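All remarks here apply to the structure that follows.
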Number of protein chains: 2
Amino acid sequence: MFPEADAVAPAVTAVFTAVLTEGPISRVALARRLDLSSGAVTKAARPLIDLGYLEELAATERTGPGAGRPASPLAIRADSEFFVGVKITADELIGVVCDLRAQVRVSAHRRLPVADADQVLTQLGELVDDLLDGPGDYRARTRRLGLAVSGDVDPITGLVRYSPFLRWHDVALRERAEKITGLAVTVENDVKALTIAEHWFGEGVGAESFALVTVGAGIGCGLVVGGRLVSGAHGVAGEIGHIGIDVDGPDCHCGSRGCVEAIAGAGAIVRQARLCSGRPSLTFEDAVELARHGDVAVCEVFARAGDAIGAGIAAVANLVGPARIVVSGEGLAAYDLFEPHIRAGFQRRAFGAAADCPLSIRPLPFEEWARGAATVSIKALVAAG
Amino acid sequence: MFPEADAVAPAVTAVFTAVLTEGPISRVALARRLDLSSGAVTKAARPLIDLGYLEELAATERTGPGAGRPASPLAIRADSEFFVGVKITADELIGVVCDLRAQVRVSAHRRLPVADADQVLTQLGELVDDLLDGPGDYRARTRRLGLAVSGDVDPITGLVRYSPFLRWHDVALRERAEKITGLAVTVENDVKALTIAEHWFGEGVGAESFALVTVGAGIGCGLVVGGRLVSGAHGVAGEIGHIGIDVDGPDCHCGSRGCVEAIAGAGAIVRQARLCSGRPSLTFEDAVELARHGDVAVCEVFARAGDAIGAGIAAVANLVGPARIVVSGEGLAAYDLFEPHIRAGFQRRAFGAAADCPLSIRPLPFEEWARGAATVSIKALVAAG
C-alpha cells in the first residue's frame, strides 16, 4: 500500500498508531514517545500525509523561548476513510459505519430468522449496502469491513472454527464476506475486537496492560500485556468464564464444574432464578424485574453471580496485574444488581496491592460490539504499511 | 560501559541476548532473527568482541553454493566473566558462582541461626568471600552479585519491601550488600529470578510466552508474555497461590479463603496431615513418609493439594495461554505424590485447546534458586549496554 513498504513499515505503523490513539501530537513528542529520530518521524509521516490520513494542524504554541520553529502537531483526518463493523449474533446483525477515529457515523440492525451461514451472509451483504448507500455517501471512501463473532476465530485465515451460539463449524467467513461485499474483510473474536477498541480508543489508551471483562450469555475477557493483545500460544486466552472458583459448584457446559460462567452467565442466572421462583419459563428480564422488586432469593442469585465475576477478576489481577480492568457487556444492563457484589468479590480475593487495580463497571450498548469490529479493520489498515 | 552507549544500546543488548540464549549463531541468522541490517549486527557485535564477551568461531559451513563468505558464528565466551548468585531463605544462604552462560562452577551453603538482616548480611559477606577466594580463582573476573529473596521486592531500588518468611520490612538489601561485598548487586523476587533463568537458559528458551510454577512453602508463578517477564502494573503478578478455587475452602493467611496455597502450600499439607494422622508434631517429611507407605488419609491430602495446584495452573492456561508451563520447587521432592493429581486437576479444568499446553513437572534442586539469582545479574550486565 505504501511506497517502499518493506523499508519504512515499522516506523510508519508506529507513527500512524500513535497519532491515531494519542494525537494530535507534535513530531518532537512523537520522536520522544517512539524512540525514533525526528528525521525518521518526518519520513514516516510523509506518506501518511500524502495519502490523506494525517494532516498538519496550524502551529499553536512554541515549546519555549528560543525553541526554534513552532511545533505543528500531526492529527488524524477522521473522514479520510470509513470502516464498516458488524457484530454477528445468533438472532441479529448489528452494523455501524465508523470514521478513522472509530467514531460511529451511522448504525443499523437486522433480525436474523436463522443463524445458518448462507442466510447470515446474504443478510450481511444487504446490511452493508444499506449502511454504505444511505445518507452520508460513505461508499466511495470505504474499503474495509470488520466482522466480530463469538467463539473460536482465526483472524489470520478469517475462519470461524467454532461458534457455539451461532452453531458454526469451520465457516470461511472472510472469504465469503469478501465475495459478497467486495470489501477487504477482517474477522475477529468479539471480545478481542472490543478489547482492541477499548485499548486504542477507550479506557485502555496508553495503558501498558489492560483487561476487558464482558458479562452476558458468556463471561469473556480480553487482555493486553506489554501493549499487545494476548492471544494464547494454543489459541486460548482470556477464558475468565472457565476459571473454577467452586469445587462443589454447578456443572459447566465446558465439562468442568464451578466455573465463573456456570454461576454468572445469563443462562446460569435464569436457571437459578427459575428454580428459586418456581417459574419454569422465567426470562433474564423477569429475573431482573423480580430482583429489583426485592425478591430475596433472586437477589441472592445476582449476588452470587457478581461474587463469581469478582472472583474471576481477582484471578486476572493476581496473575497478570493489569493497570486497569473494565467490566462491561449486555449483562450489565442489570448493572445495579451486580456491581456491589463484583467489587466486594474482587476486593475479598485480590492479593495485596492487586486490590489497587481500578475497576470500571459499566453497561455496554450493543452497537459497541460492532464498533469493536470496525476497529479491527482500522487496525488492519494501520498495519498494512 | 560500552562506548557510545546511548546510540548502540538497543542493538547491542539484542545481539548480546540472542547470542547468549540461542548462540552460537551467525551474523546472517542474527540479522534475520532480530530484524536488523547485517551492518547493524556487525556494529553491535564489535564492542562485545572487544570486551571479550563474544568470540567468532571458526567458519564451519557455507550456507549454500555461491553464498559468499563462509559464516563465522558468534558465540559466548563463557569464562569471560563470573557471577555470584545467592538465595536467601529464613534458615540458610545458598550461593553459587556461575559463568556467563549460567553454568554453575561452584556452590556453598551457610546455615543461618537467625534471619535478622544484620546477621544475614555478615554471613553473606563471608559466603561470597568463600566462593570467590576458593579454588577456581573467580575473584578477578567477578563484578556482580545477584540476590534472590521471597516476597515483595523492588528490583529497581534493591529494596526488600516485605518478605514474610524472613520477616523483613523495608531492608535496603542492594545498598547494604554492595557495601559489604564491593560487588554490583541485583535484588529480585526468587520466583521471578528462577523464571528469568528458565526463560534464558532452560525450558523457556525461544518461547514467546511461558510460565514457571513453584511449589513449596508458598505456591508462586513467574509469567513471561511477549518475551518479557510480567511484573504487574500494581506490583503484583503471578500470585497463583492466591487464586480462590473453593468458596468453602480453608482460610488463607492472605485474608481470603480457599486459595491454592491454603490447600497446597507445605504448611497447609502439614496442618491437614497432622489432623488426619492425629500426630500434632508431624513434619512435611513425615507426611511424605506416611503417604508413601499408603496412609489413605494422608494420600488424600496430597491428592487434594495436587488437584488445587492443577486448578491454579488451569487458570494460568485459560487466561494467559502460555506456550508451556514448568512446575517445580522444593515441594516437588514429593513429586510422585503430587504429579498425577496436578495433571488430572489441570486437564479437568483446562478450556478447549488450553489442555494442549505442555506441563513439565519436576523437582528443583535448591541450588537452582541461587543460579536464578546469578542469572538476574547476568541480565543486568547484558542490559547495561
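Computed from backbone phi, the HN-Hα couplings of the range A:134-145 come to x, x, x, 6, 7, 3, 5, 10, 10, 10, 10, 10 Hz, rounded to whole numbers (Karplus: 6.51 cos²θ - 1.76 cosθ + 1.60, θ = phi - 60°; Gly and Pro given as x). Pairs of alpha carbons in the range B:206-363 separated by more than 27 Å make up 21% of all such pairs. Here the range B:206-363 exposes an accessible surface that is 53 percent carbon and sulfur, computed with a 1.4 Å probe and the other protein chains kept in place. Label-to-label distance for A:TYR335 and B:VAL114 is 5.7 nm, based on points extended 7 Å past Cα in the beta-carbon direction. Distances between placed amide hydrogens fall under 5 Å for B:PHE82 paired with B:THR142, B:ARG143, all partners being 5 or more residues away or on another chain. To the nearest ten degrees, helix A:335-349 and the longest principal axis of the Cα atoms of chain A are 90 degrees apart. Relative to the dominant Cα principal axis of chain A, helix A:266-277 is inclined by about 20°. Given a 1.4 Å probe and the protein chains as shown, B:LYS43 ends up with an accessible area of around 120 Å².
Between identical copies, the spacing of A:VAL114 label points, each set 7 Å from Cα toward the C-beta atom, reads 8.1 nm from nearest to farthest.
Taking a point 7 Å from the Cα of B:HIS169 along the Cα-to-Cβ direction, none of the residues of the range B:228-263 has its backbone N closer than 12 Å to it. Residues whose amide H falls under 5 Å from that of A:VAL185, counting only those 5 or more places apart or on a different chain, are A:LEU145, with hydrogens built in the peptide plane.
Sorting A:PHE201, B:PHE83 by accessible area (1.4 Å probe), largest first, what list results?
Highest to lowest solvent-accessible surface, that is A:PHE201, B:PHE83.
With its label point put 7 Å out from Cα toward Cβ, A:GLN103 sits 6.4 nm from the same residue's point in the other copies, in order from shortest.
Computed from Cα atoms, the angle from the helix A:117-133 axis to the main principal axis of chain A rounds to 50 degrees. Please get the size of the charge dipole for chain A, origin at its Cα centre, with Cβ charges of +1 on Lys and Arg and -1 on Asp and Glu, quoted in debye to the nearest 20. About 860 debye. Interface size, chains B and A: roughly 3300 Å² of accessible area buried, both sides included, 1.4 Å probe, rounded to the nearest 100.
Taking the DSSP beta bridges with both ends in the protein assembly as shown, the antiparallel portion is around 65 percent. Here's the picture: a label point sits 7 Å out from the Cα of A:THR283 along the beta-carbon direction, and within the range A:358-379 the residues with their amide nitrogen under 18 Å of it are A:366. Taking every DSSP beta bridge that has both ends in chain B, the antiparallel portion is near 65%.
Where the label is 7 Å out from Cα toward Cβ, how close does B:ALA75 come to the same position in every other copy, in nm, shortest first? From this label point to the equivalent ones elsewhere in the assembly: 6.0 nm. Net charge dipole, the protein assembly as shown: roughly 1260 debye, given to the nearest 20, about the Cα centre with Cβ charges of +1 for Lys and Arg and -1 for Asp and Glu.
Under 5 Å from the amide H of A:ARG257 lie the amide H atoms of A:CYS252, each residue being 5 or more positions distant or on a separate chain, with H modelled from the backbone and absent for Pro and chain starts.
The count of lysine pairs in the protein assembly as shown that are at least 8 places apart or cross chains, and whose C-alpha atoms lie under 20 Å apart, stands at 8.
Label separation (B:ALA184 vs B:GLU92): 3.1 nm, computed from points 7 Å beyond Cα along the C-beta direction.
The Rg/Rh ratio of the protein assembly as shown, with Rg taken over Cα atoms and Rh as the Kirkwood radius over Cα pairs, comes to 1.00.
Calculate, in nm to one decimal, what A:LEU51 and A:PHE366 gain on full extension: separation in residues at 0.36 nm each, minus their alpha carbon distance.
110.1 nm
Summed over qualifying helices (DSSP H, 4 residues or more, each -39500 (n - 2.57)) and divided by its residue number, chain A shows a 222 nm mean residue ellipticity of -13500 deg cm²/dmol. Taking a ≥ b ≥ c as the square roots of the Cα gyration tensor eigenvalues, with a/c under 1.5 meaning rounded and otherwise prolate when a/b beats b/c, else oblate, which class fits the range A:152-247? Judged from the Cα gyration tensor, the range A:152-247 comes out oblate (a/c at least 1.5, b/c at or above a/b). Solvent exposure of B:ASP133, expressed as accessible area, is near 100 Å², computed with a probe of 1.4 Å over the protein chains only. Once every Cα of chain B carries one equal point scatterer and solvent is ignored, give the base-10 log of I(q)/I(0) from the Debye formula at q = 0.08, 0.09 Å⁻¹, two decimals. Scattering profile of chain B, log10 relative to I(0): -0.46, -0.58.
The values are calculated or read from the model by the stated rules, or taken from the named source; none is laboratory data. What you are looking at is a predicted structure, and each value in this text was computed from that prediction instead of being measured. A quick note on method: Cβ atoms are made from the backbone with ideal geometry, for glycine too, and the neighbour counts reach across all protein chains shown. Keep in mind that these areas ignore ligands, DNA and RNA; they rest on the heavy atoms of the full protein, side chains included. Shrake-Rupley method; radii C 1.70, N 1.55, O 1.52, S 1.80 Å.
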